[in-house]
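Read through the structure below, which is laid out as structure tokens, and then see the notes.
Derivation of every value follows stated rules applied to the coordinates shown; laboratory data play no part. Fair warning: this is a prediction, and the values are worked out from it, not measured in the lab. Every residue, glycine among them, receives a Cβ derived from its backbone with ideal geometry; neighbour counts consider all protein chains shown.
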């Protein structure tokens, strides 16, 4: 039995469902919303590589170290992007959240906050994780700010850690949240979502 079992999570009009090959065309359209593959600090697939991107995610699920979700608008059925649990370590009850991206039209909306709430609730409240982690490119300042807004703590920087899509070598900024920090983080996420709803 896998640590992360197939599940669909939903809240506030957003649905996270297990990524499948049937999402290929919709995921390609989501990536085209802003031509996200041109950003050097993200892992968004180029249009012709969408199927291989999904196949790699499914292989990670088989091997037990990644579980990818399609992010779907409940009202329209439109795929908005993708996110994953990855670097899944059952022995220490740790997962990381990453491989996250959304079409440009839903960036800076409630979608990312809602997805993080769903994933963190599942990790801490259902899976019983001790720690949830994140990692991001040292030049992806928007991602760093978003992770910090969740209440995650910066663990440090791994220098010369990974290749970017353009062949340059990146430093990786590491963050984490412990189970004891989750109640306060959950309260903050709910506050942010409620405040955004009032502003609309």
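Tell me, in nm to one decimal, what length is gained between residue 20 and residue 194 on full extension, where the rule is 0.36 nm per residue of separation less the Cα-Cα distance?
Working: separation 174, 0.36 × 174 = 62.64 nm, distance 3.16 nm.
Using 0.36 nm per residue and subtracting the Cα-Cα distance, I get 59.5 nm.
Using the alpha-carbon centroid of each, what span in Å lies between segment 141-178 and segment 44-68? So the two Cα centres are separated by 21 Å.
What area, in nm² and to one decimal, does the C-alpha convex hull of segment 51-121 cast on average over all directions? If you can, show how the numbers build up before the last one.
Details: hull surface 21.5 nm².
One quarter of the hull surface, i.e. the mean projection, equals 5.4 nm².
Secondary-structure-derived ellipticity at 222 nm for the chain, considering helices only, amounts to -9500 deg cm²/dmol, per-run term -39500 (n - 2.57) for DSSP H runs with n ≥ 4. Shape class for segment 5-92: oblate, because the ratio a/c of the largest to smallest gyration tensor axis (alpha-carbon atoms, square roots of eigenvalues) is 1.5 or more and b/c is at least a/b. Computed on segment 78-137, with alpha-carbon pairs under 8 angstrom and 6+ residues apart, the relative contact order is 38 percent. Pairwise inverse Cα distances across segment 45-200, averaged and inverted, put the Kirkwood hydrodynamic radius at 16.6 Å. The modelled label-to-label distance for the pair residue 141/residue 62, using points 7 Å beyond Cα in the direction of Cβ, is 4.2 nm. Model label sites at residue 2 and residue 73, defined 7 Å from Cα along the beta-carbon direction, differ in position by 2.8 nm.
Computing FRET efficiency as 1/(1 + (r/R0)^6) for residue 121 and residue 169, where r is the C-beta to C-beta distance and R0 is 25 Å, gives about 0.10. Placing a pseudo-label 7 Å from each Cα along the Cα-to-Cβ vector at residue 157 and residue 10 gives an inter-label distance of 4.3 nm. Once the Cβ-Cβ distance of residue 91 and residue 148 is raised to the sixth power relative to R0 = 30 Å, the FRET efficiency obtained is 0.60. Under the criterion of Cα pairs below 8 Å and six or more residues apart, the relative contact order for segment 9-199 equals 18 percent.
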